[in-house]
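The values are calculated or read from the model by the stated rules, or taken from the named source; none is laboratory data. Just so we're clear, the structure is a prediction, and the values are computed from it rather than from any experiment. Cβ placement follows ideal geometry from the backbone for every residue including glycine, while neighbour counts extend to all protein chains displayed.
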């Protein structure tokens, strides 16, 4: 008789744990595909690389796997959503000033549990400005266009993504990147978890019924 309350609590704890999706984190993969779409305001066929004057600019895709984002307690992860290279020809004699329009398609994959396998996409756009570029100097800035964020359910998990910052590349040096942030704010119990929750609560009711019956 003394074991029944303990069994009741263990059954309830297991059911509640399963009902919450089994864990408090979502695992996701993501990939990006940044492409240059215009030069000095004139549309061009989408491409990763363009050369303007003596300066060559290359946008590089990025992909990551098995990142964890909190769901029960929201956790935000910063992410690299595209790399940028800028090189100046050693034989160049000009000081280059120009703008590049771009689009960057961000693809997010939810890896269950919690939720179910699902893939979603969000396209962001913006303009890169290159001013006074020479072999060693130049100012590179970026302006993101609206919308700069997106939020919605993906496989039962509500993800939110937004642009965060911009790190300019060094002329003939290190890469720059477009920065972003991802958070997951809620998890929907999976069908099997809901079923197990019902079974667990049913077990609690059965123990309670047996106790009342034994007292009659």
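So, restricting to strands (runs of 3 or more DSSP E) that lie completely within region 1-83, which ones have at least 2 residues that are buried (at least 16 other Cβ atoms within 10 Å of the Cβ) and either modelled with pLDDT of 95 or more or in contact with a helix residue (DSSP H, G or I) (Cβ under 7 Å, 6 or more places away or on another chain) (or both)?
Of the strands (runs of 3 or more DSSP E) lying wholly inside region 1-83, those with at least 2 residues that are buried (at least 16 other Cβ atoms within 10 Å of the Cβ) and either modelled with pLDDT of 95 or more or in contact with a helix residue (DSSP H, G or I) (Cβ under 7 Å, 6 or more places away or on another chain) (or both) span 25-39, 49-52, 55-60.
Criterion first (assigned to a loop (DSSP other than H, G, I, E, B), at pLDDT 90 or above and loosely packed, with under 13 Cβ neighbours inside 10 Å) does residue 147 satisfy it?
It is true that residue 147 is assigned to a loop (DSSP other than H, G, I, E, B), at pLDDT 90 or above and loosely packed, with under 13 Cβ neighbours inside 10 Å.
Could you go through region 119-131 and let me know if any residue there is in a loop (DSSP other than H, G, I, E, B) and at pLDDT 95 or above.
no
Quick test for you: out of 136, 108, 154, pick the one residue that is touching a residue at least 60 places away in the same chain (Cβ under 8 Å) and either on the phi < 0 side of the Ramachandran plot or in contact with a helix residue (DSSP H, G or I) (Cβ under 8 Å, 6 or more places away or on another chain) (or both).
None of the others qualify; the one that does is 108.
When region 167-177 is examined, which residues are found to be more than 25 Å from residue 27 (Cα to Cα) and either without any contact (Cβ under 8 Å) to a residue 40 or more places away in the chain or in contact with a strand residue (DSSP E or B) (Cβ under 6 Å, 6 or more places away or on another chain) (or both)?
Those that are more than 25 Å from residue 27 (Cα to Cα) and either without any contact (Cβ under 8 Å) to a residue 40 or more places away in the chain or in contact with a strand residue (DSSP E or B) (Cβ under 6 Å, 6 or more places away or on another chain) (or both): 167, 168, 169, 171, 172, 173, 174, 175, 176.
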